[in-house]
1. Identify all residues within the stretch 250-285 that are modelled with pLDDT under 90, among the charged types (D, E, K, R) and surrounded by 14 or more Cβ atoms within 10 Å (Cβ to Cβ); write none if there are none.
2. Mind checking which pairs have a first residue in the stretch 292-305 that is under 11 Å from H223 (Cβ atoms) and part of a loop (DSSP other than H, G, I, E, B) and a second that is basic (K, R) and at pLDDT below 90, Cβ under 9 Å, 6 or more apart or different chains?
3. Would you check which residues across the stretch 101-150 are surrounded by fewer than 18 Cβ atoms within 10 Å (Cβ to Cβ), outside any loop (DSSP other than H, G, I, E, B) and over 31 Å from the mean Cα position of the chain (by Cα) and list them?
4. T71: among the hydroxyl-bearing types (S, T, Y), over 43 Å from the mean Cα position of the chain (by Cα) and modelled with pLDDT under 95, yes or no?
5. Among the listed residues A408, A413, identify the single one that is of a type in the set (A, V, I, L, M) and surrounded by fewer than 21 Cβ atoms within 10 Å (Cβ to Cβ).
6. Search the stretch 316-331 for residues being in contact (Cβ under 8 Å) with a residue 60 or more places away in the chain and buried (at least 16 other Cβ atoms within 10 Å of the Cβ), and hand back the single one that is nearest to N289 (Cα to Cα).
7. Taking the condition modelled with pLDDT of 95 or more and of a type in the set (F, W, Y), does F84 pass?
Amino acid sequence: MQQASNKLSVFPAFFRVSGKRVVVVGGGDEAYAKVRLLRNTDAEIAVVAADPVAEFARYLKAEAIEVIAATVSADMLADAVLVFAATGDAAADRKIATLARELRKPVNAVDQPDQCDFFTPALVNRAPVAVAIGTEGAGPVLAQMIRGQVDQILSPSLGRLATLAASYREAVEAMVPRGVTRRLFWRRFFQGQVADAIGAGDEELARRKASELLSRARKVEGHVWLVGAGPGAEDLLTLRAQRVMMEADAIVFDALVPQAIVDMGRRDAERISVGKRKGCHSKSQEEINDLLVELGRAGKRVVRLKSGDPLVYGRAAEEMSALREAGITYEIVPGITSAFAAAADFELPLTLRGVASSLVFTTGHDLTGAVLPDWARLAVSGATIAVYMGRTVAASVAGRLMQAGLPAETTVAVIENASRADRRLLHGTLKDLPDLEHRDELTGPVMVIIGDAVAGANFEHSVPLVRSRATADAAYLGA
């Protein structure tokens, strides 16, 4: 099966047709549909048809559309900017398309994609706003379905709001500085009291609110959002995270955040990789703090994009402290932490009535010191333990937990790249865990979940953690 490409074979664009001639050749239902679509514009439409069907003929008369009752000729297409071949006869439409191309006129032959220089989209009209949905001729019914969904989403008053905005454009350009200040003005214009007044049908109130908004326009202060990018799958990003990424002037992101998520930000936003990853820190935490402060003081609206949730092993406390000290406002946008995504991949209950009533988040490095942390003893009483970044210290984790009294046969689930298409799932027991350190093929972020509740997971899609029993026993004795 051929892999689908994300490249379009057409370039979406809008033709200027106001006051220009568009010719539709045909007198049946196909031509009728094209003319109705064209009536969304103020193009000068001409229909070439010797005998239009009755309903179409009545429509043409009612709309005062020019009808040429003759066979199509080069003279009829000479001053056209667009041509539609819509006779209902495939062979005839191909001849019309050939004639149009000889005259260097863009042509659309109905239901013949290979004869089309352009495709007609399914259209949502909120003039002067238009949303055009195209499928490159592959699925007109699909385009119509999408059109119906978009039509429900967009307010009927959107066109009136856009028209009002156009009347303020010159004043805004004269009074509001370019960049983030102007962008924020327009965002408030289209989402706030002005839009509400237009929606209520009160244009006078809308103009007053727009003028008040303009009079208050000023240089905006910098602002930082600490955003959780989630475990990696793009569709696990929250709606709030998507919204603020579209508002940001700069996106500062970690190495573990997939490029596909970074690319979901505004197209012209500055993208800054700070590359924090175990053993490979392109910037120190202090440098990142200074960068956020610098961007905020420059009046930028900044998304600090972190893998998972910013408040779970994301060092957000240091960044918040630096921003507070500098007097820069900030917000937290939570994300789905990797433990939850890993549990979902395994269909694993992190808590289970009568088995596990508490959950501990930790890193494997918490168990490398001389003193056992207090939470280690919680494992013995049934808590589920979610270990972040634990692959390289798996033997220490296993040994210290068994030292705390956790049985060696306690079930363990291991997930690399939780939530992503390239995830890997492994299962075993606590005494198997040291083998994880030898799994060099696991190069992505690894989550280890330990506890009695893990036994309730679905292991159908996972593989054993250890490759052989001898390896596991040797590792266990070594621990």
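1. Scanning the stretch 250-285 gives R266, K276, K283.
2. Sorted first by the residue in the stretch 292-305, then by its partner, the pairs are G299/K219.
3. R101, E102, D114
4. Details: among the hydroxyl-bearing types (S, T, Y): yes; over 43 Å from the mean Cα position of the chain (by Cα): yes; modelled with pLDDT under 95: yes.
Taking the combined requirement at face value, the residue satisfies it.
5. Working: A413 fails: surrounded by fewer than 21 Cβ atoms within 10 Å (Cβ to Cβ).
Residue meeting the stated conditions: A408.
6. Per the criteria, the residue is E319.
7. Details: modelled with pLDDT of 95 or more: yes; of a type in the set (F, W, Y): yes.
Spelling it out, F84 is indeed modelled with pLDDT of 95 or more and of a type in the set (F, W, Y).
One line per residue, one yes/no per condition, for (1) more than 14 Å from V448 (Cβ to Cβ); (2) touching a helix residue (DSSP H, G or I) at 6+ places or on another chain (Cβ under 7 Å); (3) modelled with pLDDT of 80 or more:
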| residue | (1), (2), (3) |
| --- | --- |
| E331 | yes, no, yes |
| V355 | yes, yes, yes |
| F361 | no, yes, yes |
| T368 | yes, yes, no |
| L378 | yes, no, no |
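The values are calculated or read from the model by the stated rules, or taken from the named source; none is laboratory data. Because the structure is a prediction, the values reported are computed rather than measured. Here Cβ is always computed from backbone atoms with ideal geometry, including for glycine, and neighbour counts include all displayed protein chains.
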